[in-house]
Amino acid sequence: MIKEGRQMRRKIWSMGVGLALAVALVGCAATERVIDYSEMKTDVRMDRSIFLEPLTKHPKKVYVEVKHTTNRPDLVGGFQPVLVGMIQGKGYEIVSNPNQADYLIQNNIRYIGEYNDRIIQDGVVTGAAVGALSGLAIAHSAAGVAGGALVGGALGLGADIATRTKTCIIAIDVRITERALARPRVHDCGVAASATKIWLTTEAAAPTLVQLAAQQISGVF
């Protein structure tokens with residue numbers, strides 16, 4: 001009886017140590033995410049470099065067209081005025097007639113929303129935007145549990161939900177046409193931007209994503 005009692009106490013002690021270790025590991029992981037993603041972290045990529053031929057005329061005229069195939073038009077309405085403002089800030093004149101333009105900037109916003117691994121697999125994002133999206137340093141938030149114990153797993157899930165990071169993205173197909181050349185040149189590329197933060201929503205991320213994408217496109221000029 002004494003021997004069995006000792007064995008039982010050892011088992012209870014071992015389970016207690018294991019549970020404490022699991023809780024500690026979960027706590028460390030959750031704390032690390034709070035430290036890493038309490039502030040929004042962003043990234044932006046263009047899938048290829050574009051070099052425009054020098055043009056000596058002044059002012060250079062640009063026509064900007066923005067379309068979208070995303071299901072959240074309410075979040076991308078500010079993209080065109082932001083892009084236009086950046087282009088104007090570089091000394092270009094914006095025109096409403098494409099036939100008067102030296103450059104055409106045509107954009108199709110393919111997606112804005114929360115990132116998940118199936119966006120490309122399911123064809124939500126296709127075309128040139130896929131290349132840009134693949135280049136992003138997107139942070140994945142694992143919803144796994146620490147340790148193998150059932151109780152530890154339950155605690156891990158609760159802590160993970162409380163500090164789960166979300167990544168939101170915007171993906172755009174872009175076509176830039178140099179019309180002023182003897183032989184017009186067309187450049188197709190993809191632009192993608194991401195924002196990652198704890199408890200991030202697409203609505204909160206949208207202004208930052210729009211700004212990043214517009215800045216990347218205007219940087220060609």
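For Trp199 and Thr126, the FRET efficiency from 1/(1 + (r/R0)^6), where r spans their Cβ atoms and R0 equals 25 Å, is about 0.25.
Multiply the residue separation of Glu53 and Gln100 by 0.36 nm, subtract the distance between their alpha-carbon atoms, and state the gained length in nm to one decimal. Intermediate values should be presented prior to the final figure.
Details: separation 47, 0.36 × 47 = 16.92 nm, distance 1.81 nm.
Extra length from Glu53 to Gln100 when fully extended: 15.1 nm.
In sequence order, the range 79-84 has phi-based couplings of 5, 4, x, 5, 5, 4 Hz under the Karplus curve 6.51 cos²θ - 1.76 cosθ + 1.60, θ = phi - 60°, and Gly or Pro positions carry x.
Residue separation of Asp74 and Met40 scaled by 0.36 nm, minus their Cα-Cα distance, works out to 10.1 nm of gained length.
Coordinate-derived values only; no laboratory data. Every value quoted in this text rests on a predicted model; they were computed, and no experiment measured them. Heads up, the Cβs are rebuilt from the backbone with ideal geometry, glycines too, and the neighbour counts pull from every protein chain shown.
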